């Protein structure tokens, strides 16, 4: 079945460091790909998405590019802030009424 | 209140108790979802309701019983739970049922079964 694999956390970075969180997927068909973020004590929020190969999703300084050849959707940010500390989830759906399939999440801690 | 709200935020219950989780969405959406979030595991979709009818039930044990009395409210009734049911239970809603609709999540209910 469809699945998403994320890098294990936690990831601890200093403020202004470069962030990469790896995400790879296995899916039948051509999935849409998502990154969700969960801040402490809150539910998940959609951060960005990409619906076809080579699309780049971006929001709040975060970017991810849909790479069909490597089945990847890595999340990047050039300069993280303390306020970016959260759990990040990669997810996919293959369209229609298929549900979202989530990865296990990667906890990011940014220290000043 | 705006968005998706869940009550209670924290719940501790014994294995013989009966309790209910409540979710309310103020977004005018037609689809609502229950997810289970356990440590170091992917989010698990439990139930989906679209226009108050259940459209997805992912092999969830019968000790979890959902109820959707209208498009704004969703309940999860709990009885004779097991310690492994301890988790964060997230509710979500979307404008429609399908992958093209963004889901909006509530803050969750942290459930501990003793």
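The values are calculated or read from the model by the stated rules, or taken from the named source; none is laboratory data. All values derive from a computational prediction rather than experimental measurement. Cβ sites come from the backbone with ideal geometry, for glycine too, and all protein chains shown count toward neighbours.
Here are some notes:
To keep it simple, each residue is scored yes or no on (1) closer than 24 Å to residue B:39 by Cβ; (2) at the interface with another protein chain (Cβ under 8 Å from one of its Cβ atoms).
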residue	(1), (2)
B:80	yes, no
B:83	yes, no
B:93	no, no
B:96	no, no
B:106	yes, yes
B:113	yes, no
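- Residue match in region B:29-40 (condition: out of contact with any strand residue (DSSP E or B) (no Cβ under 7 Å at 6 or more places or on another chain) and at pLDDT 90 or above): no
- Per the listing B:74, B:51, B:21, B:81, the residue uniquely over 19 Å from residue A:40 (Cα atoms) and at pLDDT below 90 is B:51.
- For region A:42-58, the candidate set comprises residues that are outside any strand (DSSP E or B) and closer than 17 Å to residue B:43 by Cα; within that set, the residue that is nearest to the other protein chains (Cβ to nearest Cβ) is A:43.
- Counting only residues that are farther than 30 Å from residue B:109 by Cα and surrounded by fewer than 18 Cβ atoms within 10 Å (Cβ to Cβ), region A:21-38 holds 4 of them.
- Residue within region A:59-73 that is under 27 Å from residue B:34 (Cβ atoms), part of a strand (DSSP E or B) and free of Cβ contacts under 8 Å to residues at least 24 places away in the same chain present: yes
- Qualifying residue in region A:39-60 (condition: buried (at least 20 other Cβ atoms within 10 Å of the Cβ), over 9 Å from the mean Cα position of the chain (by Cα) and within 16 Å of residue A:11 (Cβ to Cβ)): no
- Filter result (within 17 Å of residue A:36 (Cβ to Cβ) and either out of contact with any strand residue (DSSP E or B) (no Cβ under 9 Å at 6 or more places or on another chain) or part of a loop (DSSP other than H, G, I, E, B) (or both)) within region B:1-26: B:3
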